[in-house]
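For reference, the structure discussed in these notes is given below.
The values are calculated or read from the model by the stated rules, or taken from the named source; none is laboratory data. Computed from a prediction, not measured in an experiment: that's the story for all the values here. Backbone-built Cβ (ideal geometry, glycine too); neighbour counts: all protein chains shown. Remember, those area values only see protein heavy atoms, side chains included, never the ligands or the DNA or RNA. Shrake-Rupley method; radii C 1.70, N 1.55, O 1.52, S 1.80 Å.
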Amino acid sequence: MKLKELLKNCRTIRRFKQTCIPETDILDILDNVRYAHSGNNRQKLRYYVVQSDEGRYIMEQLVHYAALLPKEMGEPNEGERPDTYIVIASDEDSKIIHFDAGIAAEIICESAYEKGIGSCIIANFAPSVLDEAIHIAEGYHSLLVIALGYPACTSVVEDYSDSTAYWVDENGGWHVPKLNVKQIMRKR
């Protein structure tokens, strides 16, 4: 697969089939992320995998999806929730650690997509509450959450017209407007 095809098609998924992700796939995804770029090669990120029924229930109470949409449209309903959450955590809170977390999150999503697994990067949660609820190691704090599961909806890129706000059509398909190259590029 060409990189552009991967980037265009590896979209955020917020509705999931209720199918378990094999542990071998999770391990393979994390094996890929260990090769991620890391500021000063410090490798300060740790990954908490939440797959138990209890853990998923806790996560469902603490994370929030799709801030641009009404809750009833943005949040997955019963029977649409992810199978797995990966929490990216660190014992450091610096600008470079946040860059590292973003890079790692993207690699997780792309690695999952390669396996037919959908993903959603989530930053809308209270880190201290989540850290305590899922027992993040003392001194560490959560930075990002990635929800994973097999897609039960579509998400497509479309050309920007008048807004970059994503939206959902009457069939439940997600639409993600993107600016074109001339709109994002500046030359000197």
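Only one of 184, 121, 146 is open to solvent by 70 Å² or more (accessible area, probe 1.4 Å) and in contact with a helix residue (DSSP H, G or I) (Cβ under 6 Å, 6 or more places away or on another chain). Can you tell me which?
121
Please determine whether any residue of the range 150-158 is loosely packed, with under 12 Cβ neighbours inside 10 Å and either in a loop (DSSP other than H, G, I, E, B) or touching a residue at least 24 places away in the same chain (Cβ under 8 Å) (or both).
There is no residue in the range 150-158 that is loosely packed, with under 12 Cβ neighbours inside 10 Å and either in a loop (DSSP other than H, G, I, E, B) or touching a residue at least 24 places away in the same chain (Cβ under 8 Å) (or both).
Select from the range 125-140 the residues that are of a type outside the set (Gly, Ala, Ser) and open to solvent by less than 70 Å² (accessible area, probe 1.4 Å) and write down the one among them that is nearest to residue 91 (Cα to Cα).
Of the range 125-140, the ones of a type outside the set (Gly, Ala, Ser) are 125, 127, 129-132, 134-136, 138, 140.
Remaining after also requiring open to solvent by less than 70 Å² (accessible area, probe 1.4 Å): 125, 127, 130-131, 134, 136, 140.
Values: 125: 18, 127: 13, 130: 15, 131: 12, 134: 16, 136: 10, 140: 4 Å.
Of everything passing the filter in the range 125-140, 140 is nearest to residue 91 (Cα to Cα).
Table: residues versus (1) outside any strand (DSSP E or B); (2) open to solvent by 40 Å² or more (accessible area, probe 1.4 Å); (3) more than 19 Å from residue 109 (Cβ to Cβ).
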| site | (1), (2), (3) |
| --- | --- |
| 28 | yes, yes, no |
| 72 | yes, yes, yes |
| 85 | no, no, no |
| 89 | no, no, no |
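Taking residue 59 as the residue in question, decide whether it is under 24 Å from residue 166 (Cβ atoms), open to solvent by less than 50 Å² (accessible area, probe 1.4 Å), out of contact with any His (no Cβ under 7 Å at 6 or more places or on another chain) and in a helix (DSSP H, G or I).
Against the criterion (under 24 Å from residue 166 (Cβ atoms), open to solvent by less than 50 Å² (accessible area, probe 1.4 Å), out of contact with any His (no Cβ under 7 Å at 6 or more places or on another chain) and in a helix (DSSP H, G or I)), residue 59 qualifies.
Between 107, 96, which is part of a helix (DSSP H, G or I) and surrounded by fewer than 17 Cβ atoms within 10 Å (Cβ to Cβ)?
Checking each option against the conditions leaves just 96.
So how many residues does the range 110-130 have that are in a helix (DSSP H, G or I) and either modelled with pLDDT under 95 or over 23 Å from residue 62 (Cα atoms) (or both)? Talk me through it step by step, then tell me what you get.
Of the residues in the range 110-130, the ones in a helix (DSSP H, G or I) are 110-114, 127-130.
Narrowing further to those that are either modelled with pLDDT under 95 or over 23 Å from residue 62 (Cα atoms) (or both): 110-111, 113-114.
Of the residues in the range 110-130, 4 are in a helix (DSSP H, G or I) and either modelled with pLDDT under 95 or over 23 Å from residue 62 (Cα atoms) (or both).
So, in the range 30-49, exactly how many residues are part of a loop (DSSP other than H, G, I, E, B) and open to solvent by less than 40 Å² (accessible area, probe 1.4 Å)?
Residues meeting the conditions: 2.
Keeping to the range 1-26, report how many residues are open to solvent by 80 Å² or more (accessible area, probe 1.4 Å), in contact with a strand residue (DSSP E or B) (Cβ under 7 Å, 6 or more places away or on another chain) and either among the hydroxyl-bearing types (Ser, Thr, Tyr) or assigned to a loop (DSSP other than H, G, I, E, B) (or both).
1
Among residues belonging to the range 159-188 that are among the hydrophobic types (A, V, I, L, M, F, W, C) and in a loop (DSSP other than H, G, I, E, B), point out the one that is modelled with the lowest pLDDT.
165
Please list, ordered by first then second residue, the pairs with beta carbon atoms under 7 Å, 6 or more apart or interchain, first in the range 171-188 and among the charged types (D, E, K, R), second open to solvent by less than 100 Å² (accessible area, probe 1.4 Å).
Correct list of pairs: 178/157; 178/160.
Return only the number of the condition from (1) at positive phi; (2) among the small types (Gly, Ala, Ser); (3) over 13 Å from the mean Cα position of the chain (by Cα) that residue 66 does not satisfy.
(3)
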